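See structure below.
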Amino acid sequence: MSYPLAGLLQIRNFQADAAEKALRAAETRLRAAEEKRAATEAEREEYRIWRKEEVKRRYQAIMGQTLYREEIDAFKAGLSALADEELAREAALLEAGRAAEEARQTAQTARDDWLLANKANEKLRYHRDSWQKTQDMKASRQEDLEQEEFKPLLFEAGSEEQ
């Protein structure tokens with residue numbers, strides 16, 4: 001006799017496989033988001049160091065020179081553009097951090113879903129195994145009963161059959 005909940009077991013297996021695929025995809029996205037955040041942070045740090053050196057170089061380049069107001073305004077605008085770029089990199093880092101946190105939450109949700117799907121699947125497998133043991137015991141008992149009911153008739157030598 002086949003397991004009566006075999007169809008449900010197939011569905012649960014499919015759900016567990018789908019949950020595992022979703023978990024792997026979420027973990028891949030999480031790794032990518034964390035790598036991007038780390039790369040953005042490293043890039044921001046490199047830019048911060050470069051900017052400090054660039055500001056020093058620019059100040060040293062104009063030291064001891066007589067500059068017109070337009071040239072000073074252009075110099076200040078250049079320094080301001082460097083500062084704006086640093087702020088833009090800070091904003092990119094914050095966005096990458098938010099994306100990584102969102103990916104982390106998505107991965108945790110996928111992990112929880114996977115655990116639930118596996119738990120439900122394990123319960124059904126346990127039920128199937130218990131059911132199979134019960135069926136095996138019933139079949140064994142039935143065989144024993146059939147063996148007990150079979151009693152060969154022994155005829156004694158010289159007696160007549162009626």
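The values are calculated or read from the model by the stated rules, or taken from the named source; none is laboratory data. Here the structure is a predicted model, which is why all the values come from computation and not from measurement. Cβ: placed from backbone, ideal geometry, glycine included. Neighbour counts: every protein chain shown.
If you take the residues in the stretch 58-113 that are more than 26 Å from GLU43 (Cα to Cα) and among the charged types (D, E, K, R), which one is surrounded by the most Cβ atoms within 10 Å (Cβ to Cβ)?
My answer is ASP113.
Somewhere in the stretch 29-38, is a residue touching a helix residue (DSSP H, G or I) at 6+ places or on another chain (Cβ under 6 Å), farther than 30 Å from TYR126 by Cβ and without any contact (Cβ under 8 Å) to a residue 60 or more places away in the chain?
no
Which residue pairs have Cβ atoms closer than 6 Å, lie 6 or more positions apart in sequence or on different chains, and pair a first residue in the stretch 63-75 that is aliphatic (A, V, I, L, M) with a second residue that is modelled with pLDDT of 90 or more?
Pairs found: none.
Determine which single condition ALA19 fails, assuming it passes every other condition in (1) modelled with pLDDT of 95 or more; (2) within 30 Å of TRP131 (Cβ to Cβ); (3) over 25 Å from the mean Cα position of the chain (by Cα).
Every listed condition holds for ALA19 apart from (3).
Select from the stretch 60-90 the residues that are hydrophobic (A, V, I, L, M, F, W, C) and within 46 Å of the chain's Cα centre (by Cα) and write down the one among them that is farthest from ALA39 (Cα to Cα).
LEU79
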